[in-house]
Amino acid sequence: MKQENNKEHKFGMVIDLDKCTGCGSCMVSCMSENNVPFKEDESNKKDSITWMRVYKLTNGKSFPDTETAYLPRPCMHCAGKGGHGHSPCVSVCPATATEYGHDTGIVSQIYTRCFGCRYCMGACPYHARYFNWWDPKWPEGMENYLSPNVSPRMRGVVEKCSFCYHRYQAARDKAYHEGRNDIEENEFQTACTTACPAGAIVFGDLNNPAHKVHQIVKPDPHPDKWNRHVVGKSRNPKVFRLLERLGTNPKIYYLSEREWIRRKGDNYLDGEWDKIKNHHGSSSHG
Amino acid sequence: MDSALIPEGAKRCSFPKFAIGIVIVGAVLLWGVFAMGLIWWKGLNQTNMNDYYGFALWIWADLAVIAVGGGAFFTGLLRYIFNIDELKNIINFAVIIGFICYSSALLILAIDIGQPLRGWFIFWHANVHSMLTEVAFCLSAYFAVLTIEFIPNILENRQANKVPFFRHLAHNMHGIMAVFAATGAFLSFFHQGSLGGVAGVLFGRPFAYREGLLIWPWTFFLFTWSAAAFGPCFTLLITKITETITGKKLVKDNVVNLLAKISGWMITIYIIAKIIDTIYWATVTAPSLGFNISHFYTNNGFYGYWILITEILVCGLVPGIILIMKSTRENPTLRLIAFILGVIGICLNRWVMVLQVMAVPVMSFDTWALYFPSWQEIATTILPVAYGIILISVTYRYLPVFPQEAELNAVEPAAETE
Amino acid sequence: MFPFNFEWAWDVGHAIFFGGFWYAISIMGAGMAYCILKAALDTMNDN
Amino acid sequence: MKVDRRSFLGLGLGAVAGIAVSPVGLKLTDDSSIWTQNWPWTPVPADGEVIYESSVCSLCPGSCGISVRKIENRPVKIEGRENYPVNNGGACLHGIAGLQYLYDPARVKTPLKKNGDKFEEISWDDAIALVAGKLADLRKSGSPEKFAAILDKEQGSVSGLFKRLFKTFGSPNFYTMPSFESYLEATAAAIHGEGKTIGFDLENADFVLSFGAGIIEGWGSPVNCFQANASRKERRAKLYQIEPNLSNTAANADKWVPIKPGTQADLALGICAVILKNNLFDSNATMNFKGGFNKFAAMLQKDYTPSKTAEITGVKAADIEKIAGLFAKAKKPVAVFGKGRGDGAQSLKELAAVHTLNCLVGNINKKGGVFVKSKNKYLEFPDESMDSIADAGFAKPKAGRYMNQLVEKINSSSKSVVEALFVYNANPCYSLHDTKSVKQALGKIPFIVSFSSFLDETAKEADIILPSHTFIERIEDVPSGAGLAKTVVGLTKPVASPVFNTKNPGDTVILIAKALKGSIAQSFEWESYNECLEGVTARIWDSLSEDGYAVISKGAPIEPAAVNLSFLSGNPPTVQAQGDFGLTLIPIDNMRLINAGAYVSPFAIKTVSDKVLKGKNIVVEINPLTAKGLKNGGFAIITTPIGTARVVVNFNEGLMPGVIGMVEGLGHTFENKYVSNKGVNVNDLIGPVIESGSGLDAAFGIKAKISKA
């Protein structure tokens, strides 16, 4: 895909983990925006559909030096090795039921085409994909709050965060009707972003230098010089991505002043972190 | 009672005895069918799979039966392409075992997917970049090849053979079987390999991920090679079991030893490659992603280094060596032990490449996920075993599966053979 | 899978993958067709 | 034609081949897949025109503005309202999940009357007549004061109507559940005098010293606090959090200061002592202190030296001195009180001691400090008409000062001191300490009327349920409070038409009053609650109806606040935990759960960690050092002087040794499989401890033991 015009977006997110309070608003906003079902027992987190899941991190130290933090994990909308759109999940889906939108950077999921092989779930190291083990059922009357913008999924298919793609469509339609070529930054914001009471989530177009997300992340236009698979690495030393070394190239970035949190973002061999922690995030131009 | 159907000159147990056996195994089969029905009716919530274990017991069973079913394509390749004539004495049985394995694999896949009625989307909306698409295409096509290879044997049934068209069809199919075998080998190479690729391409899962050649990770080649290497072990093991149950010698030792010897060399070469692959992965690939090998084998209740040692040394190197050395290979007990170890080894390899992949945490704050299958999963996994036993019993009883049977079990003083 | 499917693409990946697939299917189809036809002919010749 | 075997075989094969090449198979395959894509049991939400309506959430005292997205009059999503003066677009998970309350099939769908153990449906007319009849009898019997009410709050016009009913009926026994607002008023009363309340200007403070206030655990006005807390990063403002457990607030703070449970008051006084000793206080401010400033100072230097304080609290003396220095030297320091959400049990000594820190550094009524405001009086009710029964009854003393004394009084007297009880927006059988004794007390009351929308633990004890609209279906004024710096009154609007046969509680009260006739009915001469609301809020109605809110005050109050330290100068005793077991069980507030008023929604409980709730088992936290003999993730039995519970144990280094943490908000016991019968209600295990002097239930926890189950 060549950039033929400046309309090619790369939507992404940066989440400030110092601001995140772990309150759960993003999770519930996501569930209610996207018609996510619920069942009697949701305490087994291995079969609980949460497109946005908030992990609790701990620094592993003992009392009173323990520290904890929260890490919200939506779908990472990986661009895959080299950023060519071969996300771990998209590249393995046998039925083209999940696709990488080269014009948006959004990894979609086509529920009516998915036949439930779950290969994508195995491919995703973030556990961002969820399977409908059960028929979605709402208590009598509660289906009244379901939104028509997102179709409820049937049993036996995989679902995941869509970056509220329906909101993008609505914004694009609105812009089109108003004779504009493109949407404004605030016209397309995900449900988790707008719900976050701490303002910890910043969402926008990583390709657009006017967008706040771009200004915080400062994505590197060149591939990482130490790992050619890694593109779009942040040049902000306080910003990191989850499992960046795998070359999945997520579009969710995290921001934290706390070093122990940044270290949790990836796996490091003994001594590796100490070598890179100071210029982590600025490797290409370090 | 059914003597008209039994091959000429072959001695079979009485029909009631046969029927009782079939009914007993059939009960197990029905249990599996019941579980299968439950899963189709109520959905995959009947299993203990979850979002961490999207691939579980079934996918392992699938990979394992396809691996051990690899005896069919490899024996076919040796028999028809490399013209190793002795193997004609076991090729029928290898084909039947392959047929059972592959039909089971397809059935398991039909149970495993969340939307069985849409299963054909894998063909219709095929994503050619997915290893699973390659698996589906080659698997189905190869199953068709196996069916074609199986048909002549069916048509050789005493009654069917009386129909001239069938007799001619069987004859003609034999005539160009090499073409089918070649196609089968081609397809098998790709689907066995792509099954290996299924795990190897997971660059988000450092435990499974392997570098490779062009688009194919090393596991692609390792899986193909290992299926070819261990498949004959399974064919020979099932032959031995059939011989024990029927109380007859069905295949001559020279045939068994020949196939065992080839298998032995294949296993040994495979294990050397596997060791190299493991060392490269453990010292180069995984560390480059931030993982020490210890990460994959510690801090959990099940997956330890024992599994690596068992798979590669005990169930890989040991059977390989037993089968390449003439003295040990020709010792029936040691040979049998080698077959059993080999089959365990290949199944263990497939287990590791499916379930351990799912179990290992990747994010630094994630945890190991362990899983135990539900009875429905176990029942549906046993189902193919029952089905296989029934199919082998029926084919053995009614079809001339073993060309050497009559010679080895002459009722009267032997008539002239050859 | 077919040129009229909307996922179909005229690129190298599709050419190799479906090329191989249809090639194998054709051989099998042609082989079986040959066997069946010849068997039919043989049967007729028998009479 | 003779059908022999061969032709039969041929026919069969031909048929199979024919069907295989016909389009039937393809068609069936295609149809079956289309069917799976449109399973009739998977709902297809109706589409339509989208509109947004703004309203105010009243699930908690936070009073956030909300925006409700509707499709053809059907609400589908709740979001925070942009530019609303309280929450500016933000929303908490409970508010966002609000529609799950609206459509909950477990709601009380129509008035209910208890017959034996079961509820029967009755009509509104019959229900009102029945309630009015019972009340009229009580009034006739000459003891109108035996009519009591339990509400969630004093503020707002619906509470105003209840109060008016009680006054005109002739009963002083109007109670509210403990709430953060009630503690703020009690604190203000103890130090600044009656009629005042307190707001914290957290968004401008540069050093927040929090004595366990769960600033991001749902304390105060939650979303406002989240925003103030998040802005610390840009403002470079510091937060020090003092509490026994590493709460989210502590984890998010610049420093967590672990402290022995229940000793926050002592630490606050210890810090006061350092500030006084080191002359770090604002002498301009202290000049006007009343109530024995010198006596207070002398008491501190005697009882609260750093070393003594360190011994009591477990905080190192050096740290105490350091914190005192940081606090006093900060430009805009603020000390905040109210452990957890601030609505649980609190000790007035602690509240006052912490607030004294604010007084000492002179941040009262300054930007970034503490605002001491007059109580919000935007409502203007016309004068009641009181008959002689009303005058006589209303003049009698209350049966108890607070809820827990009322409970104790009922349980200790042979004949109930309460004959009829109204319960609205309160669930004392769940959220007061020692729920068993609360239920026992309610059991002794012959006639209980609940106004609950849900069949919660307290509604289950009622004889009549007059179900209320949820906040999505009703109109109501919602005043802010709960420590918010500014004062805002919002208007909750009926964004959805009532789903069930329920009423606005204001209307229900008016109907009951009218049915009671006489002077009571004369005091309720409104046609409807709508008319009443418009009348009593006349001063701000235009703003309320047009903007959806009215800002009553913002910025620091101009008038100075007098400070009187007489409550503290005698050093009232610090409340101790009940019992003599070796460990202390403390309740832990969790933003994702609700412990008072409403109960948690299915969405919200879905977000709860498996380290809090696992299946039907509550998970308690304990430091591994204290967990001898226990297995991480294993079962254990907790025993306290008032109850036992089976729990799962989670080792957590973020808990002080010697302490067991149990989350608040689980263990509901009504019919709702999604949210009820999960875990244990911590209030079943903790009993009230009344603080001498204030009369407040100040049980911060209870002594407990834990053993392997």
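The values are calculated or read from the model by the stated rules, or taken from the named source; none is laboratory data. Computed from a predicted structure; not experimentally measured. Positions of Cβ are backbone-derived with ideal geometry, glycine not excepted, and every protein chain shown enters the neighbour counts.
Listed by first and then second residue, the pairs with beta-carbon distance under 8 Å, at least 6 apart or on different chains, first residue in region B:330-356 and within 21 Å of B:F55 (Cβ to Cβ), second outside any helix (DSSP H, G or I) and of a type in the set (F, W, Y), are B:V354/B:F55; B:L355/B:Y53; B:L355/B:F55; B:L355/B:Y371; B:Q356/B:F207; B:Q356/B:Y303. When each of B:P332, B:P361, B:P319 is tested for being out of contact with any Ser or Thr (no Cβ under 9 Å at 6 or more places or on another chain) and either on the phi > 0 side of the Ramachandran plot or not small (G, A, S) (or both), the lone residue that passes is B:P332.
Of the residues in region A:62-84, at least one is more than 7 Å from chain D (Cβ to nearest Cβ), modelled with pLDDT of 95 or more, over 22 Å from A:C120 (Cα atoms) and outside any loop (DSSP other than H, G, I, E, B).
Here's the yes/no breakdown for (1) facing another protein chain (nearest Cβ under 8 Å); (2) surrounded by fewer than 23 Cβ atoms within 10 Å (Cβ to Cβ); (3) touching a strand residue (DSSP E or B) at 6+ places or on another chain (Cβ under 7 Å):
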position	(1), (2), (3)
A:P94	yes, no, no
A:T104	no, yes, yes
A:V107	no, no, yes
A:C114	yes, no, yes
A:R118	yes, no, yes
A:G122	yes, no, no
A:F131	yes, no, yes
A:E140	yes, yes, no
A:E143	yes, yes, no
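The one condition from (1) within 30 Å of B:L57 (Cβ to Cβ); (2) under 18 Å from the mean Cα position of the chain (by Cα) that A:C114 does not meet is (2). Can you tell me which residue is surrounded by the most Cβ atoms within 10 Å (Cβ to Cβ) among those in region B:99-158 that are outside any helix (DSSP H, G or I) and more than 8 Å from every other protein chain (Cβ to nearest Cβ)? Here the residue is B:E156.
Scanning chain C for residues that are among the charged types (D, E, K, R) and modelled with pLDDT under 90 returns C:E7, C:D11, C:D42, C:D46.
Can you pull out the residues in region A:51-61 that are more than 9 Å from chain B (Cβ to nearest Cβ) and assigned to a strand (DSSP E or B)?
If the condition is that a residue be more than 9 Å from chain B (Cβ to nearest Cβ) and assigned to a strand (DSSP E or B), then A:R53, A:V54 are the ones that fit.
Do the conditions hold for D:A709, that is, is it at pLDDT below 90 and over 25 Å from the mean Cα position of the chain (by Cα)? Taking the combined requirement at face value, the residue satisfies it.
Which of the following residues is assigned to a helix (DSSP H, G or I) and closer than 19 Å to B:T235 by Cβ: B:V284, B:V255? Of the residues listed, the single one that is assigned to a helix (DSSP H, G or I) and closer than 19 Å to B:T235 by Cβ is B:V255.
Scanning region D:435-472 for residues that are of a type in the set (D, E, K, R), outside any helix (DSSP H, G or I) and in contact with a helix residue (DSSP H, G or I) (Cβ under 7 Å, 6 or more places away or on another chain) turns up D:D456, D:E457. Within region B:195-218, residues that are in contact (Cβ under 8 Å) with a residue 60 or more places away in the chain and farther than 15 Å from B:N349 by Cα sit with their Cβ atoms under 7 Å from residues that are part of a loop (DSSP other than H, G, I, E, B) and among the hydrophobic types (A, V, I, L, M, F, W, C), at 6+ positions apart or across chains, in these pairs: B:L202/B:A208; B:G204/A:C124; B:G204/B:V362; B:R205/B:V362; B:P206/B:L289; B:P206/B:F291; B:P206/B:V362. In the set D:K329, D:K308, only one residue is of a type outside the set (S, T, Y) and either modelled with pLDDT under 90 or under 29 Å from D:N248 (Cα atoms) (or both); that residue is D:K329.
The set of residues in region D:685-705 being under 19 Å from the mean Cα position of the chain (by Cα), of a type in the set (G, A, S) and over 12 Å from D:D434 (Cα atoms) consists of D:A698 alone.
Does B:I272 qualify as being more than 14 Å from every other protein chain (Cβ to nearest Cβ) and surrounded by fewer than 16 Cβ atoms within 10 Å (Cβ to Cβ)?
Details: more than 14 Å from every other protein chain (Cβ to nearest Cβ): yes; surrounded by fewer than 16 Cβ atoms within 10 Å (Cβ to Cβ): yes.
In short, yes.
Determine if region D:330-341 includes at least one residue that is more than 34 Å from the chain's Cα centre (by Cα) and either basic (K, R) or assigned to a helix (DSSP H, G or I) (or both). No, that holds for no residue. The residue that is surrounded by the fewest Cβ atoms within 10 Å (Cβ to Cβ), among those in region D:363-393 that are hydroxyl-bearing (S, T, Y) and farther than 25 Å from D:S543 by Cβ, is D:S388. Residues of region D:506-522 include none that is of a type in the set (S, T, Y) and closer than 24 Å to D:K375 by Cα. Every condition in (1) part of a loop (DSSP other than H, G, I, E, B); (2) buried (at least 20 other Cβ atoms within 10 Å of the Cβ); (3) not basic (K, R) holds for D:E525 except the one numbered (2). Within region A:212-266, the set of residues being part of a loop (DSSP other than H, G, I, E, B), at the interface with another protein chain (Cβ under 10 Å from one of its Cβ atoms) and in contact with a Leu (Cβ under 7 Å, 6 or more places away or on another chain) comprises A:G265, A:D266.
Among the conditions (1) without any contact (Cβ under 8 Å) to a residue 24 or more places away in the chain; (2) surrounded by 22 or more Cβ atoms within 10 Å (Cβ to Cβ), the only one that A:C192 does not satisfy is (1). The set of residues in region A:202-218 that are touching a residue at least 24 places away in the same chain (Cβ under 8 Å) and either under 16 Å from A:T248 (Cα atoms) or of a type outside the set (D, E, K, R) (or both) comprises A:V202, A:F203, A:G204, A:L206, A:N207, A:N208, A:A210, A:H211, A:V213, A:I216, A:V217. Considering the conditions (1) touching a strand residue (DSSP E or B) at 6+ places or on another chain (Cβ under 7 Å); (2) without any contact (Cβ under 8 Å) to a residue 24 or more places away in the chain; (3) not in a strand (DSSP E or B), D:V158 is excluded by exactly one of them, (2).
Within region D:302-313, residues that are over 11 Å from D:Q264 (Cα atoms) reach partners that are buried (at least 19 other Cβ atoms within 10 Å of the Cβ) and among the aliphatic types (A, V, I, L, M) with beta carbons closer than 8 Å, at six or more positions or on different chains, in the pairs D:D303/D:L269; D:Y304/D:L269; D:Y304/D:A273; D:T305/D:A273; D:P306/D:A273; D:P306/D:V274; D:P306/D:I320; D:A310/D:I320. Please go through region D:582-618 and give me each residue that is within 14 Å of chain A (Cβ to nearest Cβ) and within 11 Å of D:I660 (Cβ to Cβ), ordered by number. Residue satisfying the conditions is D:I588 alone.
Only residues that are β-branched (V, I, T) and over 29 Å from the mean Cα position of the chain (by Cα) were counted across region D:129-167, and they come to 0. The helices (runs of 4 or more DSSP H) falling completely within region D:191-292 that include 3 or more residues that are closer than 26 Å to D:S480 by Cβ map to D:222-230, D:232-235, D:248-252. Within region A:14-46, if we keep just the residues that are closer than 25 Å to A:N59 by Cβ and more than 7 Å from chain D (Cβ to nearest Cβ), the residue that is surrounded by the most Cβ atoms within 10 Å (Cβ to Cβ) turns out to be A:C26.
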